[in-house]
Amino acid sequence: MAQSAPARTKINTKVTQPAPGLSSRRPAGRPGPGRPPRGPRVSGEARDSVRQPDRPVIELDFGILVYPPETGGEPWRAVFTENGQRRFRQGATEAKLAAKLEKVRKRLQADAANMERPGADLIRHYLDPDRLPAGQRWSRKHAHTQRRLCERFAAPVIGAVTCQDIKTSHTQQIVNAAPTAGEGNRVRGMLSALVAAGIEGGYLTSPRLAMVHWQAGDRPLPAQRVTVSGESALWVGPAEIPSGSDIGKLGRALAAGLHGERDELMASTAAYSGLRWGELTALTIGQVDQAGRVITVDRQVIEVAGHLYTEAPKCRKYRKTIYPRRTPDGYPLAGKLAARIEQAAAEHQAGTNPLGLVFPSPTGKHWRSSNFNRNVLKRAYLAVGWRDAAGNGKWTWHSLRHVFCTTALFTWKLDATDVSCMAGHANVRTTLLMYVGTTAGVLDRARQATD
């Protein structure tokens, strides 16, 4: 049986591609069939140019028009509208133009009109008081703190960087520049607010820029804080609160100092009225109702960049609080305060206490906390053991405020809602979490259930 000859493969020698024209034209810079693309591509709907019908144009989203080169050597060009202005981009190759247009598309998609501005403008926008409504502007102290953090940590890193080019590596560098973990937390809080303001103002688009935290690197790590299981981070343990006898000892040590009984009265008033330091130093004669033993807290003194200012209390909330006739340690607080108010009124009449302050500085003005700590508290703290020679101790002046809250709750048996109002807490939940806690009585209830 004869075998048939093997079939031969026929090679097509005819041109099967259509003649050159608009439908078959391959713009310069595009790879030929079968060749892998070199870099990013400009993709979109192709159509004829309105002004030049014989020239193709690629229409992208957000109104971007791309004009491929007609001949070799010409650049790729793009036209778009941003911020009400007609703008242009061009690149030597399709890939270079596509890379430039990627940034343009991100800005247009997010409607972020300020992403081409430097980071210094972003910081300036964040610190601008007009950014916030008139009734929600920062306090003078908070504004100073944010400005200090921005100038010290943020500006050196991103001040000269275009906002669209700010990466998480930049924000990580900002937070890591803080010398301690505590300062790092403050910088991270500033950075989170900065990013949020930048997104709202059209300077940034990614909230991930704020998702960084302080890293110790070769610096020593802070000691791990040990807390009580089930308690809030706000919880103030008994060891952090001086007892009534401890307050009495501190008062007697202050009475032996330069200003005598006035400093003792100042400490007792703070411990049993709940006034913060700034509220206490701003206290005037007219704020004290001796008949009802009521103090109206409607002002405080703050120190910003070495200057003292009088403004509304913390959170801009006025309140009224009360003080006892006698403290648990037996100190006659109401009588001593009445005598001091009478003395302050005489000083006011004589012109030595022009502001009518209950607790003025030696010059008749508001106390500075640094001066009071150095000239008054330091010696008394050492005398009663609140501080060691190195200045370390578990109690501070703010501990006196904890004394008021716990005394009102557990000695005077006041309702937590009442204590919250007098202490000026944000809400009663804060009072409960700080002083009552969530684990009180757990073992007693468990023991009774399993008895």
Ranked by how many other beta carbons lie within 10 Å on average, peptides 426-438, 266-278 from highest | 266-278, 426-438
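For the stretch 221-337, calculate the relative contact order in percent as a whole number, restricting contacts to Cα pairs under 8 Å that are 6 or more residues apart. The partial results should precede the final answer.
Values: 132 pairs, mean separation 23.7, N = 117.
Across the stretch 221-337, relative contact order equals 20 percent.
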How much accessible surface does Val384 have with a 1.4 Å probe, in Å² rounded to 10?
-> 40 Å²
Using alpha-carbon coordinates, inclination of helix 261-273 to the longest axis of the chain, degrees = 60 degrees
Please list the non-local residues whose amide H lies under 5 Å from the amide H of Val294, H modeled 1.01 Å from N, same-chain partners needing a gap of 5 or more.
-> Asp289
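When the dipole is taken about the Cα centre of the chain, and only Lys, Arg (+1) and Asp, Glu (-1) are charged at their Cβ, what size is it in debye, to the nearest 20? Please list the in-between numbers first.
Numbers: 64 positive and 39 negative charges, 301 e Å.
About 1440 debye.
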Taking H as built 1.01 Å from N, whose amide H comes closer than 5 Å to the amide H of Ser232, not counting residues under 5 places away?
-> Thr438
What are the chymotrypsin sites (Phe, Trp or Tyr not before Pro) within the stretch 317-402 that DSSP puts in a loop, where the Cβ has at most 16 other Cβ atoms within 10 Å?
-> Tyr318
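Over the chain, what relative contact order in percent results from Cα pairs under 8 Å that are six or more residues apart? List each step's numbers first, then the result.
Numbers: 594 pairs, mean separation 48.1, N = 451.
Relative contact order of the chain: 11 percent.
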In what order, largest first, do Asp246, Asp165, Asp263 sit by accessible area if the probe radius is 1.4 Å?
-> Asp165, Asp246, Asp263
Given C-alpha coordinates of the chain, what is the ratio Rg to Rh with the Kirkwood estimate of Rh?
-> 1.25
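As an exercise, take the mean of 1/r over every pair of distinct alpha carbons in the stretch 168-269, invert it, and state the Kirkwood radius in angstroms.
Values: mean 1/r = 0.0559 Å⁻¹.
One over the average 1/r among Cα pairs gives 17.9 Å for the stretch 168-269.
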Throw me the Rg/Rh for the stretch 152-226, computed over C-alpha atoms with Kirkwood Rh, two decimals.
-> 1.01
Fully extended contour minus Cα-Cα distance, from Val428 to Val79, at 0.36 nm per residue = 119.7 nm
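Grab the eigenvalues of the alpha-carbon gyration tensor for the stretch 140-187, scale each by 5, take roots, and send me the semi-axes largest first in whole angstrom.
Details: eigenvalues 75, 40, 11 Å².
The three semi-axes for the stretch 140-187 are 19, 14, 8 Å.
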Kirkwood hydrodynamic radius (C-alpha pairs) into Stokes-Einstein, the stretch 216-358, 20 °C and 1.002 mPa s, D in µm²/s | 122 µm²/s
In the neighborhood of Gln172, defined by Cβ-to-Cβ distances under 12 Å, what is the net charge if each Lys or Arg adds +1 and each Asp or Glu adds -1?
-> +3
How do Arg401, Arg293 stack up against each other in accessible area, from largest to smallest, with a 1.4 angstrom probe?
-> Arg293, Arg401
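How big is the Cα convex hull of the stretch 64-176 in projection, averaged over all directions, in nm²? It would help to have the intermediate numbers written out before the result.
Working: hull surface 37.7 nm².
Its average projected convex-hull area is 9.4 nm².
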Nearest 10 degrees, 0 to 90: what angle lies between the long axis of helix 94-110 and the longest principal axis of the chain (Cα atoms)?
-> 40 degrees
Lys/Arg +1, Asp/Glu -1 at C-beta; the chain dipole; positive extreme among Val358, Leu101, Ala255 | Leu101
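Quote to one decimal, in nm, the extra length available between Ala291 and Thr363 on full extension: 0.36 nm per residue of separation minus the C-alpha distance between them.
Length difference between fully extended and current span is 23.0 nm.
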Column: log10 I(q)/I(0), Debye, Cα scatterers of the stretch 353-442, q = 0.12, 0.13 Å⁻¹ = -0.58, -0.67
Judged on accessible area alone, 1.4 Å probe, highest first, Ser420, Ser245 line up as Ser245, Ser420
What percent does the relative contact order of the stretch 268-397 come to when contacts are Cα pairs within less than 8 Å and at least six residues apart?
-> 21 percent
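The values are calculated or read from the model by the stated rules, or taken from the named source; none is laboratory data. On a predicted model such as this, the values are computed, not experimentally measured, just so you know. Because the Cβ atoms are built from the backbone with ideal geometry, glycine has one as well, and the counts that use them run over all protein chains shown. For accessibility, only protein heavy atoms count, side chains too; no ligands or nucleic acids. Shrake-Rupley method; radii C 1.70, N 1.55, O 1.52, S 1.80 Å.
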